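Engineer: Can you read through this structure? Questions will come right after.
The values are calculated or read from the model by the stated rules, or taken from the named source; none is laboratory data. Keep in mind it's a predicted model, so treat the numbers as computed, not measured. Neighbour counts run over all protein chains shown; Cβ positions are idealised from the backbone, glycine included. The accessibility values were calculated without ligands, DNA or RNA, using every heavy atom of the protein model including side chains. Shrake-Rupley method; radii C 1.70, N 1.55, O 1.52, S 1.80 Å.
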Amino acid sequence: MRERDLAPPGGTAALQNRFDAAGLHLRNRIVMAPMTRAMSPGGIPGPDVAEYYARRATGGVGLIITEGTVVGHPTSSSREDIPRFHGDALPAWQAVVNAVHAENTAIVPQLWHVGWDPLHWGRDPAEVPGPAPSSPSGIDPGSGNRLTPMSVHDIENVIHAFADAALAARRIGFDGIELHAAHGYLIDQFLWNETNHRTDWYGGSTVRERTRFACEVIAACRRAVGPKFPIVVRISQWKVGHYRARLAHGPAELAELLEPLVAAGADVFHCSQRRFWQPEFDGSPLNLAGWAKKVTGKPTITVGSVGLADSDFLGYLDGKGAATADVDEVCARLEEGEFDLVAVGRALIADPEWPNRVRSGHPTRAFDAAMLHALQ
């Protein structure tokens, strides 16, 4: 692929092409991005959750990545209404899979461990209810607060919990899994030098050394599900509250980060940016998904304010909405082969029919933060 300024051709044909690679078989290139809704009382998704995802499938999405759903470990979740992916929550996920598959859409769960939840950084850990959170080095990068770091035994238990969840996903009938290794949550805390100061096997001065925990999670999931079940890994440079954070400062360092994950069994990289159109490194128009594909050869998903205008990610926390925008640029870059799939977040909260409307040329609906108060 040539690295040049990409002129949008108009039209959305590239979004409608089938995708058959990395074990995924999708009717189009549109992905529903994982968005935490936290509307599963007691951690069990109800019929309203199944209906919520089924509406997006009916609306034309090719792949749904569920909101973050936590693995079976005592500190994996920071809220009771975040859905679980273990125990008595699994039959409810079976209902979600059935509802989505009935609409000819694929679905994967995003498996999650929040670690020291970045939304709680800056707070005294003693003021946060529940057990002390898990953290590679017990470091809060915002305040300097400290916790007891995870022991090797703790780490092994978390790895087993991810593998158990991956096996459950395959047994239930999901089409793959996504591992949440982004935004400052537990796996990402091991990757980032600000939160991983360990001097044992799970630490190190280079990003390649700091991938060992992520690699062991991926490898354990791969052993659990076998060689052909898709494993997507979500990565980001930015962290919640730390938008200028970087794991990799250039393409060579990005390769150092991603190559071990590929060797461990990653099939697809889901590359989270706040705005998909922003170049990741100086001297090239490629975004993070473009560079991840270039250095690994693996399929990638781009995400970040697709279909929204003048939007700031997490602005919804301040009650900010977002106007609609065309998709000419993302379609042009998809057509060029910079990335393979396009994830849509808040635009799909606003409009479950977003894919069908884009395909037919009908106007889409603007996003209002008030929409987050219900599963619609």
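Engineer: Are there helices (runs of 4 or more DSSP H) fully within region 320-374 with at least 2 residues that are polar (S, T, N, Q) and within 19 Å of Gly60 (Cβ to Cβ)? List them. Break it down stepwise before answering.
Structural biologist: Values: elements: 328-336, 346-350, 354-360.
Helices (runs of 4 or more DSSP H) meeting the threshold: 354-360.
Engineer: Name the single residue that is nearest to Pro352 (Cα to Cα) among those in region 67-98 being open to solvent by less than 30 Å² (accessible area, probe 1.4 Å) and small (Gly, Ala, Ser).
Structural biologist: Looking at residues that are open to solvent by less than 30 Å² (accessible area, probe 1.4 Å) and small (Gly, Ala, Ser), I get Gly68.
Engineer: Another question about this same structure. Quickly run through region 10-53 and pick out the residues that are more than 22 Å from Asp267 (Cβ to Cβ), of a type outside the set (A, V, I, L, M), within 21 Å of the chain's Cα centre (by Cα) and assigned to a loop (DSSP other than H, G, I, E, B).
Structural biologist: Thr36, Arg37, Ser40, Pro45
Engineer: Please go through region 107-131 and give me each residue that is aliphatic (A, V, I, L, M) and open to solvent by 10 Å² or more (accessible area, probe 1.4 Å), ordered by number.
Structural biologist: Of everything in region 107-131, those that are aliphatic (A, V, I, L, M) and open to solvent by 10 Å² or more (accessible area, probe 1.4 Å) turn out to be Leu119, Ala126, Val128.
Engineer: Give region 291-304 a look and list any residue that's open to solvent by less than 10 Å² (accessible area, probe 1.4 Å) and part of a loop (DSSP other than H, G, I, E, B), or say none.
Structural biologist: Gly304
Engineer: Please enumerate the residues belonging to region 57-102 that are more than 18 Å from the chain's Cα centre (by Cα), within 29 Å of Leu15 (Cβ to Cβ) and part of a loop (DSSP other than H, G, I, E, B).
Structural biologist: Within region 57-102, Gly59, Gly60, Ala102 qualify.
Engineer: Out of everything in region 14-42 that is in contact with a His (Cβ under 9 Å, 6 or more places away or on another chain) and crowded, with 18+ Cβ neighbours inside 10 Å, what residue ends up being farthest from Glu335 (Cα to Cα)? If you could, list the steps in order and put the result at the bottom.
Structural biologist: Quick first cut of region 14-42, residues in contact with a His (Cβ under 9 Å, 6 or more places away or on another chain) only: 18-19, 31, 33-34.
From the residues that got through so far, the ones that are crowded, with 18+ Cβ neighbours inside 10 Å too are 19, 31, 33-34.
Values: Phe19: 13, Val31: 16, Ala33: 20, Pro34: 24 Å.
Out of the qualifying residues, it is Pro34.
Engineer: Looking only at region 98-145, count every residue that is within 17 Å of His73 (Cβ to Cβ) and basic (Lys, Arg) and tell me the total.
Structural biologist: 0
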